[in-house]
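The values are calculated or read from the model by the stated rules, or taken from the named source; none is laboratory data. Keep in mind that this is a model prediction, so the values were computed, not measured. Cβ: placed from backbone, ideal geometry, glycine included. Neighbour counts: every protein chain shown.
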Amino acid sequence: MNMSTHSAANQADANLNQMSSDSSFEGSYVCEFNSSSRKWECQQFYKTQILQTIIDQHDNQDGRQTIDQLKEFGITVYLAEHDTVNIALLKQVISHVTVNRNDRSREPHENQRCILYRDKSGQLYNLTVDNGSGGLASTWKNLLLSFSGLQAMVAMSVLTRAFACMNPESKVKPGYFLGLVLGLVLFEEMSQSFLNVALLVQGVPSVAAYSLSSGSDSDWPRKLAVFALALAAAQEAGSAAQKICTLLGIALSMALLAANLGSRAWLYMRWKPIGNMFGALTPFYAYCAAILTGLVFPFMGFRQIQSGGAPAIQTIMINCAIVAILFVLSDLNVVQGFIFMGQACDQTTTNIVLGSWLAMAAVSSIFAARKIEKPETVENVEGEIDMILDEDQTSPVGYKVPNFPDYCIDPVRFREDGLSCFSTNVQTFLGIVICLGLGAFVGSAALVDYFKFE
């Protein structure tokens, strides 16, 4: 080696040593000396390149070496062969991931998993679900971003004033105004509570997994709350039915707001999901746990709480003051006129209960915020973990390998419902008979009316 080459190599070594001493994540780099440029070329995320090299090898026709390499990287691989894919298999995978591989109290790289589909030739694909869950996932992410914890808490606090009017002498107004506010103005705060609880509290790995396991993608809780308020508007003014429907709609709305706050608090406090601890009743218990968390730690459901420490405590104090001021202002007759008819109800007990709850909720949230660690920078997290999987809500396990193409399946193709004890022809005959019978039953109502007026 001549003098100039030796000097260049020494300089490159010095630069590399300096880089290594400045970073605590040097293990995530692979560096090679380029003899042409006389420089060290360091590559981050080298695991993806190693995996691609193994995929391209000729002796990897069945994908076994690829799977072994993924396992060596600490990734749990669920393999579905071409002749074994069905809804039962996907639900088993979802259940296993929910219980064993979706612990939010651990670091993200400790929960890495993927589900692969292997065709007859041994080619590997990412198994994804093509049932519209991608659109629902996009809506859910937008709701996570636009959700306002302050608006949710103010709405919960002000709505409690309606319960002071449960006595027979008091009258609540029809649900026109409340239905408009809760259904449109507070749309983000009221929406997708079932989905939030499933993903953030129960630990369901993805939106696609929720769609497969729940069998419904509609936001029924919010629709029921708004429908109850709309039904109240259709009742006789001042009647008991109107009061019951209005209070029922308000109670459902408060439960939705608390569940959405609690599920986000569960996420930001990095609590371990409950998994399938209670079997078929797990969604119910998870929803109850979310409501309870939203009542005990409501301020932990604010997105700004992720800053942790002093900034998080400052957020709690400021928002607690805003909620308290707005709640006091809602005691004015002008504000209560939107909810009550005639003379306002006695709010003494409501003020005492709500004030006590607000103070205790703020104190509990402050103690919880002290344990929130400030998130690391993106550069540090990526350099340390060297993740090779991409998050994907259309995957039943929530992640996929970027090196592989997608193999999309439509769950409708794998439905196995029906009367298995009868042939298709027999079921067709029974279906025709039942439909004709139902048509005749509906038509008979006209005959009843005809004979009634004869």
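For Ala359, the stated conditions hold: it is assigned to a helix (DSSP H, G or I), over 26 Å from the mean Cα position of the chain (by Cα) and either of a type in the set (Lys, Arg) or at pLDDT 80 or above (or both). Scanning the range 112-143 for residues that are over 30 Å from Ala80 (Cβ atoms) and surrounded by 14 or more Cβ atoms within 10 Å (Cβ to Cβ) returns a single hit, Leu143.
Can we say Leu261 is closer than 24 Å to Val99 by Cα, aliphatic (A, V, I, L, M) and either in contact with a Cys (Cβ under 9 Å, 6 or more places away or on another chain) or surrounded by fewer than 16 Cβ atoms within 10 Å (Cβ to Cβ) (or both)? No: the conditions fail for Leu261.
Taking the range 290-314 as the range and being crowded, with 21+ Cβ neighbours inside 10 Å and over 14 Å from the mean Cα position of the chain (by Cα) as the test, the residues that pass are Ile291, Thr293, Gly294, Phe297, Pro298, Phe299, Met300, Phe302, Ile305, Ala312.
Conditions tested, residue by residue: (1) touching a Gly at 6+ places or on another chain (Cβ under 8 Å); (2) modelled with pLDDT under 90.
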residue	(1), (2)
Ala286	no, no
Gly294	yes, no
Met300	no, no
Leu326	no, no
Gly337	no, yes
Gly342	no, yes
Cys345	no, yes
Thr348	no, yes
Leu354	no, no
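Among strands (runs of 3 or more DSSP E) entirely within the range 9-126, having at least 1 residues that are under 37 Å from the mean Cα position of the chain (by Cα) and at pLDDT 60 or above singles out 76-81, 113-118. Where the second residue is among the polar types (S, T, N, Q) and the first is at positive phi and lies in the range 313-334, which pairs have Cβ atoms under 6 Å and are six or more apart or on separate chains? Hits for this filter: zero, empty list.
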